[in-house]
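Participant: Take a look at the following structure, please.
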Amino acid sequence: MNKLKWTSSLILSCGLVLTSFNYYPMNLYVQFLGVLGWLVVGIKTKDHPISFVNGVGLAILGFGIIYSQNL
């Protein structure tokens with residue numbers, strides 16, 4: 001579980017860097033993967049606040065990805 005936490009954190013951090021340099025929509029895809037990893041961690045550890053915030057984040061990023069396809 002620790003490897004998934006660290007990997008997801010690293011991926012999410014890379015997505016934030018991409019956002020800061022305005023690499024759109026690649027930043028959404030990378031952050032999506034990081035948030036998905038954290039959602040899995042939250043579900044497996046039954047940590048409801050982590051599951052909630054990352055579930056919401058996954059939905060927001062997912063809608064952002066769909067929106068970016070329609071530009």
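Participant: Among F52, F21, F32, which one moves the most in a GNM of the chain with springs linking Cα atoms closer than 10 Å?
Facilitator: Of the options given, F21 has the highest mean-square fluctuation.
Participant: Next question. Would you compute, from DSSP H runs of 4+ residues alone, the mean residue ellipticity of the chain at 222 nm, taking -39500 (n - 2.57) per run and dividing by the full residue count, rounded to the nearest 500?
Facilitator: So the calculated ellipticity at 222 nm is -29000 deg cm²/dmol.
Participant: May I pose another question? Given a cut-off of under 8 Å on Cα pairs at least six residues apart, what relative contact order in percent is computed for the chain?
Facilitator: 30
Participant: Add +1 for every Lys or Arg and -1 for every Asp or Glu among the other residues with Cβ under 14 Å from the Cβ of L39, and state the total.
Facilitator: Local net charge: +2.
Taken together, the values in this text are just the output of simple stated rules run on the coordinates, not laboratory data. Just so we're clear, the structure is a prediction, and the values are computed from it rather than from any experiment. For neighbour counting, all protein chains shown are included, and Cβ atoms are generated from backbone atoms with ideal geometry for every residue, glycine included.
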